[in-house]
Amino acid sequence: MNETPYPPLPSIRRIVEDGAAALQRYPDRTAAALRGALAARLGVGPESILVGPGSAGLCQHLVQALGPRPEVVHPALSFEGYPLIIGNVGARGVPVPMDGYRHDLPAMAAAVTDQTRCVLLCNPNNPTGAVLHRDEIEAFLARIPADVPVIIDEAYREFVTDPQVPDGMDLFRAHDNVCVLRTFSKAYGLAALRVGYAVVPPRVTPLAGMVGAVFFPNSLAQAAAVASLDEAVTPELTRRCADLAASRARLIDGLRAIGLTVAPSEANFVWLPLGERAVPFAEQARDAGILVMALPGAGVRITVGTDEANARLCAFVQSTWPT
């Protein structure tokens, strides 16, 4: 599930524990404190901030709010929730085949028509871990009509070490049709609380806000997210992300040394392009007490865990799996 292997920071855990004493109260429907903290951190007005139940939930809100055009262009091998989100709003997905492990941005631009509601990009891409660079995204955006929103999903941004990967906020500031999705579920370790945010053009905020106007996120999620943005937390978060990137590199090297093909990754997971061998791999791993995600006919996504968990995975592969 791409969860972090690290437990919540003690200060964040205490905030959640203390907040349990007021569970009888509804949360702030406007999430004013969290939106204010995000606006200050990102350097935008609070009118550009949406908060909600994780980046996936906010993606659902945006795709619904950006209607009524019937088509949504998205990469064919990307977040498994995209087809569900598109179908849930009665739209029609236009999946564009990948260029290896990466989005085929020229082909995606060519797929945009006057029927396109929005375009979804995932950077780093889930499940392959591949990234898009600044120059190619800029060239892509130059080809997209100004009235077609481009939603850039950056759920895994904190794990990126490649300096050529742009900050989605820079793209947001430079283009009136860019929306950015981020989450507290991954690097911040708040997956159980389901809280994320979107940065969108102010004209989009009231439309998407009405879709999600049902007390999202909850009070504990709001308080934990605000505390996670405190500058005192940043050094520990940065260290954890650096440690995970180092573990990712060791895991990739270990699996390649055994003989497996492993895609380059800038996320907190790695991708094995096993094709028809994906499901048998996942089944044998499960029998060994290791859970991985198989996409039938495509490959296996493996979350980077603790060094102990990663070593156990490599031992499983070396002892039981033909490479």
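Only the coordinates and a few stated rules stand behind these numbers; no lab work does. Computed from a predicted structure; not experimentally measured. Reconstructed Cβ throughout: ideal geometry from the backbone, glycine too, with neighbour counts over all protein chains shown.
Do any trypsin sites (Lys or Arg not before Pro) in segment 1-91 lie in a loop, going by DSSP, with at most 13 other beta-carbon atoms within 10 Å of their beta carbon, and if so which? Loop-located and lightly packed - Arg25, Arg29. Be a star and scan segment 224-239 for residues whose amide nitrogen sits under 16 Å from the point 7 Å along the Cα-to-Cβ vector of Glu17. Answer for segment 224-239: 224.
Between Met1 and Ala33, the contour length at 0.36 nm per residue exceeds the Cα-Cα span by 8.6 nm.
Under the combined filter of DSSP loop state and at most 12 neighbouring Cβ atoms within 10 Å, segment 185-225 retains these trypsin sites (Lys or Arg not before Pro): Arg203.
Using a Gaussian network model of the chain in which every pair of alpha carbons under 10 angstrom is joined by a spring, one finds that among Gln115, Gln24, Gln164 the greatest mean-square fluctuation is at Gln24. Considering only Gly36, Gly275, Gly93, the Gaussian network model of the chain with Cα springs below 10 Å gives its largest mean-square fluctuation to Gly275. I want the antiparallel fraction of DSSP beta bridges within the chain, as a percent rounded to 5. About 50 percent, rounded to the nearest 5. Largest mean-square fluctuation among Ala263, Ala288, Ala56, in a Gaussian network model of the chain whose springs join Cα atoms under 10 Å apart, belongs to Ala288. Could you tell me which of rounded, prolate or oblate describes segment 234-320, using a ≥ b ≥ c as the square roots of the eigenvalues of the alpha-carbon gyration tensor, with rounded for a/c under 1.5 and, failing that, prolate when a/b is larger than b/c and oblate otherwise? Prolate is the answer for segment 234-320, as a/c is 1.5 or above and a/b outweighs b/c. Once you order the gyration tensor axes a ≥ b ≥ c over the Cα atoms, which shape class does segment 1-104 get: rounded for a/c under 1.5, otherwise prolate or oblate by comparing a/b with b/c? Prolate, since a/c reaches 1.5 and a/b exceeds b/c. Applying 0.36 nm per residue to the separation of Arg203 and Asp307 and subtracting their alpha-carbon distance, the gain on full extension is 32.9 nm. Maximal additional length on extending the His133-Glu283 stretch stands at 50.5 nm, based on 0.36 nm per residue less the C-alpha distance. Among the GluC sites (Glu not before Pro) within segment 52-151, not one is in coil by DSSP while having at most 10 neighbouring Cβ atoms inside 10 Å. Neighbour counting of Cβ atoms within 10 Å sorts the residues Met108, Met210, Met169, fewest neighbours leading, into Met210, Met169, Met108. For segment 184-206 versus segment 262-323, the inter-centroid distance based on Cα atoms is 29 Å.
Where in segment 270-298 does the label zone of Ser319 land, with the point 7 angstrom along Cα→C-beta and an amide N cut-off under 14 Å? Of the residues in segment 270-298, 285-290 have backbone N under 14 Å from the label point off Ser319. Relative to one another, the C-alpha centroids of segment 102-138 and segment 31-91 are positioned 16 Å apart.
Assuming a ≥ b ≥ c are the square roots of the Cα gyration tensor eigenvalues, decide whether segment 185-302 counts as rounded (a/c under 1.5), prolate (otherwise, with a/b larger than b/c) or oblate. Prolate, since a/c reaches 1.5 and a/b exceeds b/c. Scoring 171-179, 276-284 by mean Cβ neighbours within 10 Å over their residues and listing the highest first yields 171-179, 276-284.
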